[in-house]
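The values are calculated or read from the model by the stated rules, or taken from the named source; none is laboratory data. Predicted, not measured: the structure shown is a model, and the values here were computed from it. Because the Cβ atoms are built from the backbone with ideal geometry, glycine has one as well, and the counts that use them run over all protein chains shown.
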Amino acid sequence: MKRKWCLALCALMAGTAVAAASGATGFTWTESPVVVASGDQFDSSISGPYVTYTDTSAGSADVGYVDLRDGSVHVVANAAWPVDEQLADVSGNLIAYTGSTGGPADVFLYDIATAVTTRITSDPFDQINPSVSGQLVAYEDYSSGRGHICEYTFGSAATSCLGGPDEQAGPSASGTNVAYIDQQTGDIGVWDTGAGTTRIVSVGWSGVPDLEGSHVVFPASAPGGSDIVVANLAGGRTTLPLPGDQVNPHISGDWVAFENLSSGVFHINLWNYVTGELEQPNVSPASQSLVDISGHRVVYTDNRNGNLDIYSFEFVPPESADGQIGGLIGDVKALGLPKGTQTSLLAKLDDAQAALKVGNTAAACSDLGSFISETSAQSGKKIAASDASALIAKAQQIEASIPC
């Protein structure tokens, strides 16, 4: 039955047209369905070509995954452990998930390459909510009667726990580090499992963190709601102040995907914490939640069909202002203008590029303004009117992207 369902779903996906949109700054995105079927599919996680999710359409909870390279849908199952499965995370070809036969929950690890399931925990108390990175699986352990973060190293089968007087939750693993939230204080901590040390990167009320490399992202309390914060483990932090509540952030490279609740409905936002760029792709008027990001692909749960389904979109960031100026320089050279006119225009664009490289946006904007003024003055004279209009439009787009 599962096999027939997969084939029907794969055929549906193959015949579904994708939707595309673009923002005023040149940001473009293309949405695709990942799992659209009867019942509810939700809580997706993505790593490269693999998307995991929880499926409750059969009555029990099952963990499935989709290979985005061919759209094939697979069910993570093992006859030796007939369990309800949920709270899955994926890293490379490893899927960590929570499983239960109706009693205490345990953590399992499924290898996509070998189709082998490993039971990581077996305890009369709950172990839940795993996060996997490479050979490390972090999870919440309640064997002491309080929640603590533990880690299991795949291969050596070594296990250790953070312990301490406070409860910890929401583990996020990256390399040998595990970020977590202290349930008593709201602090965000990072546990270096290799060195056996911990550090506090944020004090006070925060939400569940997500860790990638040397950066951890989390929602933090702010007047009137919560803001998204990226903290560098080496020191320093960047905050995105927005009205209302911003929650459930996930980080990949320079981009953070999160859920914006300021309108009263969850919608996906994307923030480049390095450049400050904020994008709000309007993929659907319905609610998008439980978001995750890998590279330039975002996955999420959407209720547009009256139930919960998994969708994704790939985005193309706008070209940098520096890159756009480079393109404009090429356009000027291609017109075959009189030497003096070309030299004068190129000098202004070269100066604008040089100013941007040292962070002097005011000078760059002034140089672009001078370029626009000269081009306008020569329109219909040394520069054909249609060519001048095209050059001015591109220069104005660059001004908007800086912004000036």
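Brief remarks on what is shown
- Candidates Ser386, Ser373, Ser366, Ser379 - the one that is more than 39 Å from the chain's Cα centre (by Cα) and either closer than 17 Å to Glu399 by Cβ or not assigned by TED's automatic domain parsing to the domain that holds Leu328 (or both): Ser373
- Failed item, numbered, when Tyr300 is tested on (1) modelled with pLDDT of 95 or more; (2) not assigned by TED's automatic domain parsing to the domain that holds Gly276: (2)
- Number of positions in segment 168-227 that are in contact (Cβ under 8 Å) with a residue 12 or more places away in the chain, of a type in the set (Ser, Thr, Tyr) and surrounded by fewer than 16 Cβ atoms within 10 Å (Cβ to Cβ): 3
- Matching strands (runs of 3 or more DSSP E) fully within segment 184-253 where at least 2 residues are closer than 30 Å to Ser287 by Cα: 210-212, 215-222, 225-232, 237-240, 246-252
- Set Ser91, Ser100, Ser57, Ser122: member being in contact with a Ser or Thr (Cβ under 9 Å, 6 or more places away or on another chain), assigned by TED's automatic domain parsing to the domain that holds Gly147 and modelled with pLDDT under 95: Ser57
- Residue match in segment 271-279 (condition: without any contact (Cβ under 8 Å) to a residue 40 or more places away in the chain and charged (D, E, K, R)): no
- Picking from residues in segment 228-246 that are buried (at least 19 other Cβ atoms within 10 Å of the Cβ) and in contact (Cβ under 8 Å) with a residue 40 or more places away in the chain, the one that is nearest to Gln288 (Cα to Cα) is Ile228.
- Unmet criterion (only one of (1) basic (Lys, Arg); (2) surrounded by fewer than 15 Cβ atoms within 10 Å (Cβ to Cβ); (3) under 21 Å from Thr28 (Cβ atoms)) for Lys357: (3)
- Residue within segment 330-346 that is at pLDDT 95 or above, closer than 30 Å to Leu278 by Cα and not aliphatic (A, V, I, L, M) present: no
- Residues in segment 369-404 that are closer than 19 Å to Asp350 by Cβ, aliphatic (A, V, I, L, M) and touching a residue at least 40 places away in the same chain (Cβ under 8 Å): 5 in all.
- Selection of first residues in segment 304-322 that are without any contact (Cβ under 8 Å) to a residue 60 or more places away in the chain and of second residues that are of a type in the set (A, V, I, L, M), restricted to Cβ pairs under 8 Å at least 6 apart or on distinct chains, gives the following pairs, ordered by first then second residue: Arg304/Ala286; Asp322/Leu356.
Each row is one residue, and each column tells you yes or no for (1) within 19 Å of Ile46 (Cβ to Cβ); (2) assigned to a loop (DSSP other than H, G, I, E, B); (3) of a type in the set (Gly, Ala, Ser).
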| position | (1), (2), (3) |
| --- | --- |
| Tyr139 | no, no, no |
| Arg146 | no, yes, no |
| Cys150 | no, no, no |
| Ser160 | no, no, yes |
| Pro165 | no, yes, no |
| Ala169 | no, no, yes |
